[in-house]
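Have a look at the structure below, then the notes.
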């Protein structure tokens, strides 16, 4: 197997390692919230929305930086 | 070789997504179900994180000369559209109207996000195929949470 193939496999595994636990962690967060008496769902919802907006903004910033690098 | 690895990685991602969905569905037996708006926000939040990762993977592979500039630009056009649509959905969730009054608007913002064209393109590295497949699956999951 050549080094480039190994690199690609590594990237794929790395991606899975990031996304798998992320999806499960989010699911567990819902479960914990539902099981915690008196939990503040409004505050939690606000935090989820704020986190998602921040992640979307970071994505847009990365794209803009790459395009600038490429002179696009 | 690449397509076999991509299929294996894709299958593993599907298992992870399904596992998360199963965890969501089975656990509320001890309390009330999560409000619909909460579940939509949660689905969009996971989608946004996966989309960010897909963007990072594409840029990283371009910088290591695995992905050419044109294909990278095409992928980033898609991930940009996902990021902007996700922000639009999050803004809709915050507009004060009941969810039932804005389901159609949310669906419209998400429904155009098909990356089938990109995925059918041959020769994409497995990491990119996995990332784009994951984003597509999460768009579909978010649409399911929004409902008809």
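Scan the helices (runs of 4 or more DSSP H) fully inside segment B:30-148 and keep the ones with 1 or more residues being in contact (Cβ under 8 Å) with a residue 60 or more places away in the chain.
Numbers: elements: B:36-63, B:69-93, B:99-111, B:116-120, B:126-146.
Here the list reads B:36-63, B:99-111, B:126-146.
Looking only at segment B:95-125, which residues are more than 12 Å from the chain's Cα centre (by Cα), modelled with pLDDT under 90 and under 30 Å from residue B:66 (Cβ atoms)? Within segment B:95-125, B:112, B:116, B:117, B:118, B:119, B:120, B:121, B:122, B:123 meet the criteria. Would you point out which residue out of B:23, B:41, B:86, B:12 is facing chain A (nearest Cβ under 7 Å), buried (at least 19 other Cβ atoms within 10 Å of the Cβ) and at pLDDT below 95? None of the others qualify; the one that does is B:41.
Scanning segment B:114-122 for any residue that is out of contact with any strand residue (DSSP E or B) (no Cβ under 6 Å at 6 or more places or on another chain), within 14 Å of another protein chain (Cβ to nearest Cβ) and surrounded by 14 or more Cβ atoms within 10 Å (Cβ to Cβ) turns up nothing.
Residue count for segment B:44-65 under the criterion of being farther than 16 Å from residue B:116 by Cα and surrounded by 19 or more Cβ atoms within 10 Å (Cβ to Cβ): the result is 15.
Counting the residues of segment A:40-63 that are more than 9 Å from every other protein chain (Cβ to nearest Cβ) and more than 19 Å from the chain's Cα centre (by Cα) gives 3. Any residue in segment A:56-65 that is modelled with pLDDT of 70 or more, touching a helix residue (DSSP H, G or I) at 6+ places or on another chain (Cβ under 9 Å) and surrounded by fewer than 12 Cβ atoms within 10 Å (Cβ to Cβ)? Yes - at least one qualifying residue is present in segment A:56-65.
Using the structure shown, decide if residue B:55 is modelled with pLDDT of 95 or more and within 7 Å of chain A (Cβ to nearest Cβ). Against the criterion (modelled with pLDDT of 95 or more and within 7 Å of chain A (Cβ to nearest Cβ)), residue B:55 qualifies.
The values are calculated or read from the model by the stated rules, or taken from the named source; none is laboratory data. Keep in mind it's a predicted model, so treat the numbers as computed, not measured. All Cβ positions, glycine included, derive from the backbone under ideal geometry; neighbour counts span all protein chains shown.
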